[in-house]
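What follows is a single structure, written as structure tokens, with notes after it.
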Amino acid sequence: MLRLALVGALAVPALVSQAAISHANYDTLVYDTNQSMGGPNLLLAVKTTIPTTFVASRIEWFTGERTGLNSVSVWSHDAVGNRPLAQLASGSWQMGYTNTWQGAPLTVPLQLNANDEVWVVWAPQNGSQSSVQASSGSTQQYRGSFDGGATWTGPYQGVQWKFRMWSGPAGHYESYGAGCAGTAGVPRLSWFGLPMVGASWNVQIARAPGSGVALLAIGDSDTVANGLPLPLSLAALGAPACSLLTSFPVTVATPTDVTGEAVLTLTLPANPAIIGFELFNQWFVLDPPANAFGFTVSNGGKATVGG
């Protein structure tokens, strides 16, 4: 476990409210691994009744097994047609491959009142893990759209759809950029959990050589490293297909297992002054046969600290 000091983070202003999951359906780590999302261009809408008044700041679904852009949104309810009426707030994120709670902050926080009926909407990557706990046993109503919400199929029910709605400054993590191929494929960064003050989350690596070594770079910028603009080609070091995606004042080495995977647990200090601070990660994988540099790199990961 690595405890991050975050030197210089005290310059980031604190937010006074505390992050919390204010409404959820099937908020567990249990999921039906045999279910995947359809598409492309699918909008999945699940109808829900808000139990208590709060300001929604983040929406999450339980998913993984693909990469690419996803979006989340909250829509008002058409009581006559029993369908989503109009989008009220939205956000998007670049998903990771590991099955976990993933989502996005809403670009504009949304006040929801007790007993409001709304639709929680997800635009997933085609083939990604469905956010489903079980395929039966639910009275939730849900609909689908393939034309941006102009028309909706359904309503259906029975599936246990999993979602979470946060209030306050929830943490966020997402993928960015691309890695370069090595002898075991393109190293793949993913994550489990959220970066929150006083808590831990995991940054993971897959598709590295088995029983080897990987180094996680941890920086505070994805635009400049040692005065050089990012992304920065590593061609001069002998890795022409690889790019540096983050500054790297901190690097941490960890062994990979026989399958070429590793997990590094990062822990943040219990200091509310670091809420909103951004951290950037990228794996460097020791792989001498891959190129003259002897390393390949993963995609990047961007963390925004929540509280």
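Since every read-out is calculated from the coordinates, none of them should be taken as a lab result. The shown structure was predicted, so the numbers you read here are calculated from the model rather than taken from an experiment. Don't worry about glycine lacking a Cβ; one is built from the backbone with ideal geometry, like all the others, and counts go over all protein chains shown.
Things worth noting here:
- Approximate spin-label separation L228-V55, in nm, with each point projected 7 Å along Cα-to-Cβ: 4.3
- Using C-alpha pairs below 8 Å separated by at least 6 residues, the relative contact order for the chain is 22 percent.
- Rounded to 5, the percent of DSSP beta bridges in the chain classed as antiparallel: 95
- 5 angstrom amide H check on A178, placed H, neighbours 5+ away: G300
- A simple spin-label model places pseudo-atoms 7 Å from Cα toward Cβ; at D116 and T139 they are separated by 2.3 nm.
- Structural descriptor for segment 232-307: relative contact order 32 percent, calculated from alpha carbon pairs under 8 angstrom and at least 6 residues apart.
- Neighbourhood charge, 14 Å Cβ-Cβ cut-off, centred on L112 and excluding it, Lys, Arg +1 and Asp, Glu -1: +1
- Potential extension, V250-T33 segment - 0.36 nm per residue separation minus Cα distance: 74.5 nm
- Couplings 3J(HN,Hα) of segment 139-148, computed from phi: 9, 4, 9, 9, 9, x, 9, 10, 10, x Hz, in residue order, whole Hz [Karplus 6.51 cos²θ - 1.76 cosθ + 1.60, θ = phi - 60°; x for Gly and Pro].
- As a length-normalised measure over Cα pairs under 8 Å and 6 or more apart, the relative contact order of segment 20-167 settles at 39 percent.
- Cβ-placed point charges (K, R +1; D, E -1), dipole of the chain about Cα centre in debye, nearest 20: 80
- Residue-span extension gain [V263 to A79] - 0.36 nm each, minus C-alpha spacing: 61.5 nm
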